[in-house]
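Heads up, the thing below is written out as structure tokens.
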Amino acid sequence: MSLSHPLLGAALILASIVDGGCYVGVDNDSAGQGFTAGLTQGASAGSSSDSAGSDSAGSDSAGSDSAGDDPPPELAPAPASIRLLLNRHYRNAIRDLLGEGAAAVVNPPLDTPINGFDAIGASQLALSDASVEAYENSARAAAAVAIQDLGRIGALMECQPQGPGDSECHANFIRNFGRLAWRRPLTDDEVGRYVAVAQTAALDNGDFYVGVENAIATLLQSPNFLYMVEIGEADPEDQGRRYLTSHEMATRLSFFLNDTTPPPWLLDGADDGLLDSPGGVRDAARVLLDEPAARVALDNYFAELLRLRSLDTLAKDSGVWPQWSPALAQAMRTETLMLIQDVVWQRDADFLEILDAPYTFANNLIGPLYGLTPPGGGLWGDAFVKTPLPAESKRGGILGQGALLSVLAHISSTSPTLRGKFVRETLLCEAIPAPPPGVNMVIPPEGEALPTMRERLQAHLTDPGCAACHVAMDPIGFGLENFDGLGVFRTMENGAQINTASDLNGAAFDGARELGAVVREQENVPLCIIRNLFRHSTGHVETTGELPTLMLLDDVFAEHDHSLQDLLVELVSSPTFRMVGVPE
């Protein structure tokens, strides 16, 4: 029989979920004992846990209210929606559900970013026929591998099959596995439909486990697995707003903080309603942030935000930069991520330090590229070591690292425009409009009259059609011209002295470290950090009705000395993360 399961359109799914009423909290045979020891007490304050499987959303304010636990009247969340799992979400979910072997054989569609974020693309783009086929093939392959591990399958059943047609045992497996895969309990009707799938296959083949295989493959093709459903339940105080249910919160939390499906303990907490309150969400978030997966998830986020993923395919002219290699590209990626890891995880320091940190992490590829001396003397090795940066090098923070300086450059030259655009758009969250039609994009060629990139671009800026936008970007990049297209320090270009004195919004700087310090003082930078995290975690650009709540988080971020760990906890427990609007 075919293992295909129809992938419904987003509108149909939304309609069926909203019109059908509450779809969770039914027949939960495997409800757990709540959060891990020490978490239950803090999480349950203000939550409803009268009966296992309850999934009513609430707005109690257990825990700190520094971010404002109750939604402000002006909060107008974006419409409720569903969004496709990202490629890594899918792979990690299969790994955690069915094991490494099953994860190794799946091939889900690649992500397509919109507005710079994969998550926004996952919210807006429709599935193609090729994507549907990829999900079907992946589900088949994962199920075929999973069924070979009867120990894992048996752990999901509280029974011993008594022959191919043991429908009760099939139902037991489907109820338990389905709850993990769909991230909520299945209804009786849903269990019955998948038991029918399993029974048909098992009886046709005379094998109970062929039925299990078919059930797995079919459950994994359901929109309930492939999509994060974020519909919520109506706020009794405002019918235009909806609280995410406890199970929806478990899903949003886990995929944001750990890049994978909710673990059983988190679903147990959702069954008990422990994610209905801000305090419960905070407690769960802290546990998730203690997982090794949180570090990997944050690496993935910054690899996306800081363009580090493009290093894998970045082309450079070997005649200009013969030292460019895949190994150097990987070292640059590692350097940047290690700086972030040091600030966020090792020291839990002011996150703004990544902008002007007077140190980096270098090895035998990065150290010589920057002209650095190994700390303590000796020779550079493969291992990365924390290395101070001399003040005269003008290098500091992520803006002085090879990763960004390489990505924000052309194949054989630097690009002050790209570097300035990155600062404006990614660090300051300012919009740079596209060039108007018919504008001459050609930069004057280098020569004796215009030997440096700064001089060539300044000549280009005499065109009024160019100057309107480039004046906001190019001067920022001029201050980084001491660093070539790989991030190597230089003072001359084509025999001419490079002038790197510049300013950002009237604040003078010269070099990457000074630019980082100036950026750090811009009042909209902390809010921009919050906005970027919000876009990544929710799959949409913040609406005007959500921005005031994010601005409250800006104050909390400052109160917590710009600790990113604390910000993540406060973000996920804030009303704007826990609420959605009415589906469109």
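The values are calculated or read from the model by the stated rules, or taken from the named source; none is laboratory data. What you see is a predicted model, and the numbers here were worked out from it, not measured in a lab. With ideal geometry, Cβ positions are generated from the backbone for all residues, glycine too; neighbour counts draw on all protein chains shown.
Whether a residue is assigned by TED's automatic domain parsing to the domain that holds residue 424, buried (at least 22 other Cβ atoms within 10 Å of the Cβ) and of a type in the set (Ser, Thr, Tyr) was assessed, and residue 336 passes this test.
Looking at 392, 425, 430 in this structure, which one is surrounded by fewer than 18 Cβ atoms within 10 Å (Cβ to Cβ), at pLDDT below 95 and acidic (Asp, Glu)? Exactly one of 392, 425, 430 is surrounded by fewer than 18 Cβ atoms within 10 Å (Cβ to Cβ), at pLDDT below 95 and acidic (Asp, Glu), namely 392.
Condition first: free of Cβ contacts under 8 Å to residues at least 24 places away in the same chain and closer than 23 Å to residue 296 by Cβ. Now tell me which residues in region 316-352 satisfy that.
326, 330, 346, 347
If you go through region 192-246 and keep only what is among the basic types (Lys, Arg) and in a helix (DSSP H, G or I), you end up with just 193.
Remark: residue 512 matches the filter, which requires a residue to be assigned by TED's automatic domain parsing to the domain that holds residue 406, within 27 Å of the chain's Cα centre (by Cα), under 27 Å from residue 324 (Cβ atoms) and among the aliphatic types (A, V, I, L, M). Only a single criterion out of (1) without any contact (Cβ under 8 Å) to a residue 24 or more places away in the chain; (2) within 30 Å of residue 180 (Cβ to Cβ); (3) β-branched (Val, Ile, Thr) is not satisfied by residue 313, namely (2). If you check 140, 184 for being surrounded by fewer than 24 Cβ atoms within 10 Å (Cβ to Cβ), among the basic types (Lys, Arg) and out of contact with any Pro (no Cβ under 9 Å at 6 or more places or on another chain), only one passes: 140.
Yes/no matrix, rows are residues, columns are (1) buried (at least 18 other Cβ atoms within 10 Å of the Cβ); (2) basic (Lys, Arg); (3) not assigned by TED's automatic domain parsing to the domain that holds residue 289:
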{"position": "535", "(1), (2), (3)": "yes, yes, no"}
{"position": "550", "(1), (2), (3)": "yes, no, no"}
{"position": "561", "(1), (2), (3)": "no, no, no"}
{"position": "569", "(1), (2), (3)": "yes, no, no"}
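Which one is farthest from residue 98 (Cα to Cα) among residues in region 112-158 that are in a loop (DSSP other than H, G, I, E, B) and over 29 Å from the mean Cα position of the chain (by Cα)? Checking each candidate, the answer is 158.
Inside region 175-191, can you point out the residues that are part of a helix (DSSP H, G or I) and touching a residue at least 12 places away in the same chain (Cβ under 8 Å)? Passing the criteria: 175, 176, 177, 178, 179, 180, 181, 182, 188, 190, 191. Which residues, taken from region 143-152, are in contact (Cβ under 8 Å) with a residue 24 or more places away in the chain and surrounded by fewer than 19 Cβ atoms within 10 Å (Cβ to Cβ)? Within region 143-152, 144, 148, 149, 150, 152 qualify. Quick check: is even one residue across region 543-566 in contact with a helix residue (DSSP H, G or I) (Cβ under 7 Å, 6 or more places away or on another chain), over 17 Å from residue 426 (Cα atoms) and β-branched (Val, Ile, Thr)? Checking region 543-566: at least one residue is in contact with a helix residue (DSSP H, G or I) (Cβ under 7 Å, 6 or more places away or on another chain), over 17 Å from residue 426 (Cα atoms) and β-branched (Val, Ile, Thr). Taken together, 50, 60, 55, 70 contain a single residue that is assigned to a loop (DSSP other than H, G, I, E, B), at pLDDT below 95 and in contact with a strand residue (DSSP E or B) (Cβ under 9 Å, 6 or more places away or on another chain), which is 55. Among the residues of region 70-121, the ones that are farther than 30 Å from residue 216 by Cβ and among the acidic types (Asp, Glu) come to 2 in all.
Selection of helices (runs of 4 or more DSSP H) fully inside region 324-442 by the criterion of at least 3 residues being within 25 Å of residue 502 (Cα to Cα) and of a type outside the set (A, V, I, L, M, F, W, C) returns 416-422. Evaluation of residue 232 against the conditions (1) touching an Asp or Glu at 6+ places or on another chain (Cβ under 8 Å); (2) on the phi < 0 side of the Ramachandran plot shows that the sole unmet condition is (2). Can you tell me which residues in region 364-376 are touching a residue at least 24 places away in the same chain (Cβ under 8 Å) and within 15 Å of residue 388 (Cβ to Cβ)? The answer is 366, 370, 371.
In this structure, residue 166 does satisfy being farther than 22 Å from residue 145 by Cβ and more than 39 Å from the chain's Cα centre (by Cα).
In region 270-285, the residue that is nearest to the chain's Cα centre (by Cα) out of those that are over 14 Å from residue 570 (Cβ atoms) and among the charged types (D, E, K, R) is 276.
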